[in-house]
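Visitor: Starting off with a structure, shown below.
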Amino acid sequence: MPTMISRSRSLSLIDVRLITSLHATTVKLWHHQALENTHRDFLFQVCEQHKYNFLLWHEEDKARSSSASDLEIAAVKRAIDKLNQKRNDAIERLDDMLKALLEERGITPQPGARHNSETPGSIIDRLSILALRIYHMQEQADRADATSEHVAKAQDRLGILHNQHDDLTTALAELLADLQTGRKRLKLYRQMKMYNDPTLNPYLYKRAAA
(Lines give C-alpha, C1' and ligand atoms only; values in the text may rest on other atoms or scores of the structure.)
Protein backbone atom coordinates (compact mmCIF):
# COMPACT_ATOMS: atom_id res chain seq x y z
CA MET A 1 0.00 0.00 0.00
CA PRO A 2 1.43 3.42 -0.94
CA THR A 3 2.41 5.56 2.03
CA MET A 4 3.72 8.60 0.16
CA ILE A 5 2.52 10.80 -2.67
CA SER A 6 4.63 11.02 -5.81
CA ARG A 7 6.97 14.03 -5.93
CA SER A 8 5.64 14.76 -9.41
CA ARG A 9 2.29 15.75 -7.94
CA SER A 10 1.57 18.93 -6.04
CA LEU A 11 -1.22 19.67 -3.61
CA SER A 12 -2.99 21.75 -6.24
CA LEU A 13 -3.30 18.62 -8.39
CA ILE A 14 -5.37 16.87 -5.74
CA ASP A 15 -8.61 17.88 -7.38
CA VAL A 16 -11.54 17.56 -4.98
CA ARG A 17 -13.74 16.76 -7.97
CA LEU A 18 -11.67 13.61 -8.57
CA ILE A 19 -12.34 12.53 -4.98
CA THR A 20 -16.10 13.06 -5.16
CA SER A 21 -16.30 11.48 -8.61
CA LEU A 22 -14.42 8.43 -7.33
CA HIS A 23 -16.84 8.13 -4.41
CA ALA A 24 -19.93 8.24 -6.63
CA THR A 25 -18.52 5.94 -9.33
CA THR A 26 -17.31 3.23 -6.99
CA VAL A 27 -20.55 3.18 -4.97
CA LYS A 28 -22.39 2.29 -8.18
CA LEU A 29 -19.78 -0.24 -9.34
CA TRP A 30 -19.43 -2.01 -6.00
CA HIS A 31 -23.16 -2.73 -5.86
CA HIS A 32 -22.78 -4.84 -9.01
CA GLN A 33 -19.24 -6.21 -8.93
CA ALA A 34 -16.48 -7.13 -6.53
CA LEU A 35 -14.72 -4.33 -4.68
CA GLU A 36 -11.61 -3.28 -6.57
CA ASN A 37 -9.11 -0.45 -6.22
CA THR A 38 -7.11 0.38 -9.34
CA HIS A 39 -6.07 3.90 -8.34
CA ARG A 40 -2.61 5.10 -7.37
CA ASP A 41 -1.09 7.53 -4.90
CA PHE A 42 -3.54 9.63 -2.91
CA LEU A 43 -6.64 8.40 -4.75
CA PHE A 44 -5.65 4.85 -3.83
CA GLN A 45 -6.01 5.74 -0.17
CA VAL A 46 -9.23 7.68 -0.83
CA CYS A 47 -10.66 4.53 -2.42
CA GLU A 48 -9.47 2.31 0.45
CA GLN A 49 -11.10 4.57 3.02
CA HIS A 50 -14.30 4.71 0.96
CA LYS A 51 -14.33 0.91 0.73
CA TYR A 52 -14.57 0.56 4.50
CA ASN A 53 -17.56 2.93 4.61
CA PHE A 54 -19.22 0.90 1.86
CA LEU A 55 -18.71 -2.34 3.79
CA LEU A 56 -19.84 -0.74 7.06
CA TRP A 57 -23.04 0.54 5.47
CA HIS A 58 -24.11 -2.93 4.42
CA GLU A 59 -23.04 -4.65 7.62
CA GLU A 60 -25.17 -2.19 9.58
CA ASP A 61 -28.13 -2.99 7.31
CA LYS A 62 -27.73 -6.67 8.23
CA ALA A 63 -27.80 -5.87 11.95
CA ARG A 64 -31.16 -4.11 11.55
CA SER A 65 -32.87 -7.01 9.82
CA SER A 66 -35.86 -8.18 11.85
CA SER A 67 -35.09 -11.77 10.86
CA ALA A 68 -31.48 -11.70 12.10
CA SER A 69 -30.77 -14.09 14.95
CA ASP A 70 -28.85 -13.11 18.09
CA LEU A 71 -25.83 -15.02 16.79
CA GLU A 72 -25.98 -13.23 13.45
CA ILE A 73 -26.27 -9.83 15.11
CA ALA A 74 -23.29 -10.61 17.35
CA ALA A 75 -21.21 -11.61 14.32
CA VAL A 76 -22.22 -8.45 12.48
CA LYS A 77 -21.36 -6.31 15.51
CA ARG A 78 -17.85 -7.78 15.62
CA ALA A 79 -17.47 -7.19 11.87
CA ILE A 80 -18.61 -3.57 12.31
CA ASP A 81 -16.06 -2.99 15.08
CA LYS A 82 -13.21 -4.28 12.88
CA LEU A 83 -14.33 -2.30 9.84
CA ASN A 84 -14.77 0.88 11.87
CA GLN A 85 -11.22 0.52 13.17
CA LYS A 86 -9.94 0.14 9.59
CA ARG A 87 -12.03 3.11 8.50
CA ASN A 88 -10.52 5.35 11.17
CA ASP A 89 -7.01 4.11 10.44
CA ALA A 90 -7.59 4.95 6.76
CA ILE A 91 -8.70 8.50 7.66
CA GLU A 92 -5.47 9.00 9.58
CA ARG A 93 -3.42 7.66 6.64
CA LEU A 94 -5.04 10.24 4.35
CA ASP A 95 -3.94 13.02 6.70
CA ASP A 96 -0.47 11.50 7.06
CA MET A 97 -0.07 11.51 3.27
CA LEU A 98 -1.13 15.14 3.01
CA LYS A 99 1.26 16.14 5.79
CA ALA A 100 4.08 14.32 4.00
CA LEU A 101 3.26 16.14 0.79
CA LEU A 102 3.31 19.53 2.50
CA GLU A 103 6.70 18.71 4.00
CA GLU A 104 8.05 17.48 0.65
CA ARG A 105 7.04 20.75 -0.97
CA GLY A 106 8.57 22.79 1.83
CA ILE A 107 5.22 24.41 2.61
CA THR A 108 5.18 25.88 6.10
CA PRO A 109 2.32 27.68 7.86
CA GLN A 110 2.36 31.45 7.93
CA PRO A 111 2.93 33.14 11.31
CA GLY A 112 -0.28 32.94 13.30
CA ALA A 113 -1.84 30.39 10.92
CA ARG A 114 -4.72 28.59 12.58
CA HIS A 115 -5.45 24.90 12.42
CA ASN A 116 -8.76 23.40 11.36
CA SER A 117 -10.76 21.43 13.92
CA GLU A 118 -11.59 18.94 11.16
CA THR A 119 -8.81 17.42 9.08
CA PRO A 120 -9.00 16.83 5.30
CA GLY A 121 -9.20 13.09 5.98
CA SER A 122 -12.26 13.57 8.16
CA ILE A 123 -13.96 15.68 5.50
CA ILE A 124 -13.21 13.06 2.84
CA ASP A 125 -14.76 10.46 5.15
CA ARG A 126 -17.93 12.56 5.47
CA LEU A 127 -18.07 12.98 1.68
CA SER A 128 -17.74 9.21 1.32
CA ILE A 129 -20.70 8.64 3.63
CA LEU A 130 -22.73 11.28 1.81
CA ALA A 131 -22.05 9.51 -1.49
CA LEU A 132 -23.52 6.33 0.02
CA ARG A 133 -26.56 8.18 1.37
CA ILE A 134 -27.20 9.84 -1.99
CA TYR A 135 -26.95 6.52 -3.84
CA HIS A 136 -29.37 4.76 -1.52
CA MET A 137 -31.77 7.70 -1.32
CA GLN A 138 -31.84 7.79 -5.13
CA GLU A 139 -32.82 4.11 -5.02
CA GLN A 140 -35.80 5.07 -2.88
CA ALA A 141 -36.76 7.91 -5.20
CA ASP A 142 -36.67 5.49 -8.16
CA ARG A 143 -38.76 2.73 -6.56
CA ALA A 144 -41.59 1.66 -8.83
CA ASP A 145 -43.43 -0.06 -5.97
CA ALA A 146 -43.41 2.95 -3.63
CA THR A 147 -46.20 5.44 -3.04
CA SER A 148 -46.02 8.92 -4.51
CA GLU A 149 -45.62 10.28 -0.97
CA HIS A 150 -42.61 8.03 -0.39
CA VAL A 151 -41.01 9.10 -3.67
CA ALA A 152 -41.64 12.79 -2.94
CA LYS A 153 -40.07 12.46 0.52
CA ALA A 154 -37.03 10.71 -0.95
CA GLN A 155 -36.65 13.42 -3.60
CA ASP A 156 -36.83 16.15 -0.96
CA ARG A 157 -34.15 14.41 1.07
CA LEU A 158 -32.02 13.98 -2.03
CA GLY A 159 -32.07 17.72 -2.53
CA ILE A 160 -30.84 18.26 1.03
CA LEU A 161 -28.13 15.62 0.67
CA HIS A 162 -26.85 17.12 -2.58
CA ASN A 163 -26.77 20.56 -0.96
CA GLN A 164 -24.80 19.21 1.99
CA HIS A 165 -22.43 17.43 -0.39
CA ASP A 166 -21.84 20.63 -2.37
CA ASP A 167 -21.10 22.60 0.80
CA LEU A 168 -18.70 19.97 2.11
CA THR A 169 -16.94 19.71 -1.25
CA THR A 170 -16.37 23.48 -1.19
CA ALA A 171 -15.12 23.29 2.41
CA LEU A 172 -12.56 20.63 1.48
CA ALA A 173 -11.34 22.58 -1.56
CA GLU A 174 -10.95 25.72 0.56
CA LEU A 175 -9.08 23.86 3.31
CA LEU A 176 -6.65 22.29 0.83
CA ALA A 177 -6.03 25.71 -0.72
CA ASP A 178 -5.41 27.23 2.72
CA LEU A 179 -2.94 24.45 3.58
CA GLN A 180 -1.11 24.87 0.27
CA THR A 181 -0.65 28.60 0.81
CA GLY A 182 0.17 28.29 4.50
CA ARG A 183 -2.91 30.19 5.61
CA LYS A 184 -3.76 27.19 7.79
CA ARG A 185 -1.62 24.57 9.48
CA LEU A 186 -2.36 20.85 9.26
CA LYS A 187 -2.66 19.54 12.79
CA LEU A 188 -3.14 15.78 12.94
CA TYR A 189 -5.71 14.30 15.26
CA ARG A 190 -5.83 10.68 16.39
CA GLN A 191 -9.05 8.87 17.26
CA MET A 192 -7.41 6.68 19.91
CA LYS A 193 -10.04 3.97 19.53
CA MET A 194 -9.94 1.76 22.61
CA TYR A 195 -12.54 -0.94 22.06
CA ASN A 196 -10.36 -3.20 19.88
CA ASP A 197 -7.23 -2.82 22.00
CA PRO A 198 -6.84 -5.75 24.44
CA THR A 199 -4.73 -3.54 26.73
CA LEU A 200 -7.29 -0.71 26.92
CA ASN A 201 -10.71 -2.38 26.83
CA PRO A 202 -11.41 -3.64 30.37
CA TYR A 203 -13.71 -6.39 29.10
CA LEU A 204 -10.80 -7.77 27.10
CA TYR A 205 -7.89 -7.44 29.52
CA LYS A 206 -9.90 -8.58 32.54
CA ARG A 207 -11.04 -11.67 30.68
CA ALA A 208 -7.46 -12.38 29.62
CA ALA A 209 -6.28 -12.13 33.22
CA ALA A 210 -9.04 -14.40 34.53
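The values are calculated or read from the model by the stated rules, or taken from the named source; none is laboratory data. Only a predicted model underlies this, so the values are computations on that prediction, with no experimental measurement involved. Positions of Cβ are generated from backbone atoms using ideal geometry, with glycine treated the same way; all protein chains shown enter the neighbour counts. Heads up: the accessible areas ignore ligands, DNA and RNA and are worked out on the full protein's heavy atoms, side chains in. Shrake-Rupley method; radii C 1.70, N 1.55, O 1.52, S 1.80 Å.
Visitor: So what J values fall out for the stretch 135-144 if you push phi through Karplus, 6.51 cos²θ - 1.76 cosθ + 1.60 with θ = phi - 60°, rounded to Hz, Gly and Pro as x?
Guide: Per residue, the Karplus-derived 3J(HN,Hα) values read 4, 6, 6, 5, 4, 5, 5, 9, 5, 6 Hz.
Visitor: Classify the stretch 58-193 from the C-alpha gyration tensor, please: rounded if a/c falls under 1.5, else prolate or oblate depending on whether a/b exceeds b/c. Working shown, then result.
Guide: On the way: a/c = 4.00, a/b = 1.60, b/c = 2.50.
Oblate shape, in that a/c is at least 1.5 and b/c is the bigger or equal ratio.
Visitor: A further question follows. State whether the stretch 68-113 is rounded, prolate or oblate according to the following rule on the C-alpha gyration tensor (a ≥ b ≥ c being the square roots of its eigenvalues): a/c under 1.5 gives rounded; otherwise a/b larger than b/c gives prolate, and the remaining case gives oblate. Mind dumping the intermediate values first?
Guide: On the way: a/c = 9.66, a/b = 4.14, b/c = 2.33.
It is prolate, given that a/c is not under 1.5 and a/b is the larger ratio.
Visitor: Another question, then. I'd like the Karplus ³J(HN,Hα) series for the stretch 119-131: coefficients 6.51, -1.76, 1.60, θ = phi - 60°, whole numbers in Hz, and an x wherever there's a Gly or Pro.
Guide: Those phi angles translate into 7, x, x, 5, 5, 4, 4, 5, 5, 4, 5, 5, 4 Hz.
Visitor: Separation between the Asp61 and Ile129 pseudo-spin-labels, each 7 Å from Cα along Cα→Cβ, expressed in nm?
Guide: The two pseudo-label positions are separated by 1.8 nm.
Visitor: What residues have an amide H closer than 5 Å to that of His115, excluding those fewer than 5 places away on the same chain, when H is modeled at 1.01 Å from N in the peptide plane?
Guide: For His115, the qualifying residues are Arg185.
Visitor: Sticking with this structure for a sec: Rolling a 1.4 Å sphere over the protein heavy atoms, what is the accessible area per residue of the stretch 88-159, to the nearest Å²? The partial results should precede the final answer.
Guide: Values: 3770 Å² over 72 residues.
Averaged over the residues of the stretch 88-159, the accessible area is 52 Å².
Visitor: Across bins of 10 angstrom width beginning at 0, how are the C-alpha pair distances of the stretch 116-199 distributed, in whole percent?
Guide: Spelled out bin by bin, the stretch 116-199 gives 16, 31, 24, 20, 9, 1 percent.
Visitor: Expressed as a whole percentage, what fraction of the accessible surface of the stretch 11-135 belongs to carbon and sulfur atoms when a 1.4 Å probe is rolled over the protein heavy atoms? Working shown, then result.
Guide: Working: 3310 of 6550 Å².
In the stretch 11-135, the share of accessible area belonging to carbon and sulfur is 51 percent.
Visitor: Going down the table (Lys86/Lys184; Lys28/Lys51; Lys82/Lys187), which pairs top 20 Å between alpha carbons? Please list the in-between numbers first.
Guide: Numbers: Lys86/Lys184 28 Å; Lys28/Lys51 12 Å; Lys82/Lys187 26 Å.
Violating the 20 Å limit, Cα to Cα: Lys86/Lys184; Lys82/Lys187.
Visitor: Quick check: at a probe of 1.4 Å, how many percent of the accessible area of the stretch 141-183 sits on carbon and sulfur atoms? Provide the component values of the computation, followed by the final result.
Guide: Working: 1280 of 2650 Å².
Carbon and sulfur: 48 percent of the exposed surface of the stretch 141-183.
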